[in-house]
Structures are given as structure tokens and as C-alpha cells.
Amino acid sequence: MNIKKHFSSQKPWVKGGVIGVLLCTAFFSVYPIIYFPLVENEIGIPDTALILPTVTGHTFVFFSHFIIEGSTIPATICTETETHCVSWSLTDDTGTSTPFTDPEGDAGYCLEEETTPKSSCVDRVESAIAITSFIALEAIYFVIGAVIATIVEKRGRTSSK
């Protein structure tokens, strides 16, 4: 079936919604490929460079990893199974510390441990939230496009009478 013919036979609100979704997807592609590199190469990314992506709603999707990173969402969904040393010393001053080797290979004693969710589970949660927020943003753009198309259609009908 011819896509153009099929699209033109749709109701105005469907056409507007599809145009809204296409606009959202275009913004989603343009920001990381063209906008951010261009702004960064010209002047470095100033604080004002985030105004446009924030107004269009794309900042949340792009930065969802950083928003979720400090939240309790992964800890709520994922079980805490990995233990990490958050405070360590070269000597065992208390006599109760656990022997510890840091990532660089230095040996010491862990003074305080913290249990966190597995990083693979946290990554899945972050991906799911990013995808969900993208779908929600697409839905918002569909609704905005449908509303605008409906308003334009109604104005067109009233002005032609």
C-alpha cells in the first residue's frame, strides 16, 4: 500500500499525532548527533545549552542515568547482594576489620562495608526507565500533535462556513 495515500486518508488527529512522534524522534536524533557536538565545539557546553532539550522534554531521557543513579529506585527493585568497602585503612586499628585489596592492588583493611544491588540489575533498571521515559515522551508528542491538528481542523471548518 502506498504510504502517502494511506497517511493522507487518516483522520487529522492521527496525522497530527504521527507528525508529533516523527518530530520527537527527529529531536532525539538531532540533539546527540548535531546539537551537542556543535555547541561543544563552538563554545563548550554552557548551562544555557540545555534549555532547548529541556523545553522539548528530551533532557530527562538523555540524563535518566544520572537522575536514577542517586535515587532509591534500583535498590527498591534489585536485591542488595554486592558488598563494597566504603572506608578502608592500611592498618587494622580496631582488630575487627576485614582484609581488603583495592582495585589498584594495594592491601589494607576494610573499616566499613556497604551492600548494594548488582550492577547488572541496576543497568537493566536504568535502561528500562530510559526506554519507558522515551515511550512516554513519544506519547506526549503524539497527544500534542493530535490536539494541534484537531484545533487546526476545527478552525478551518469554522472559517470556511
Of all helices (runs of 4 or more DSSP H) fully inside region 11-130, the set with 2 or more residues that are at pLDDT below 85 and within 30 Å of residue 152 (Cα to Cα) is 51-55, 58-62
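Report whether or not residue 27 is surrounded by 15 or more Cβ atoms within 10 Å (Cβ to Cβ), touching a residue at least 12 places away in the same chain (Cβ under 8 Å), touching a His at 6+ places or on another chain (Cβ under 6 Å) and closer than 26 Å to residue 145 by Cβ.
Working: surrounded by 15 or more Cβ atoms within 10 Å (Cβ to Cβ): yes; touching a residue at least 12 places away in the same chain (Cβ under 8 Å): yes; touching a His at 6+ places or on another chain (Cβ under 6 Å): yes; closer than 26 Å to residue 145 by Cβ: yes.
Answer is yes for this residue.
Might you check whether a residue that is at pLDDT 85 or above, within 17 Å of the chain's Cα centre (by Cα), surrounded by 12 or more Cβ atoms within 10 Å (Cβ to Cβ) and within 22 Å of residue 36 (Cα to Cα) occurs anywhere in region 138-152?
Filtering region 138-152 for residues at pLDDT 85 or above gives 138-152.
Next cut, within 17 Å of the chain's Cα centre (by Cα) only: 138-141.
If we keep only those that are surrounded by 12 or more Cβ atoms within 10 Å (Cβ to Cβ) as well, we get 138-141.
Within this subset, residues satisfying the condition of being within 22 Å of residue 36 (Cα to Cα) are 138, 141.
Yes, that holds for at least one residue.
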Number of positions in region 140-159 that are among the small types (Gly, Ala, Ser) and closer than 14 Å to residue 19 by Cβ: 3
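The values are calculated or read from the model by the stated rules, or taken from the named source; none is laboratory data. Source: prediction; values computed, not measured. Backbone-built Cβ (ideal geometry, glycine too); neighbour counts: all protein chains shown.
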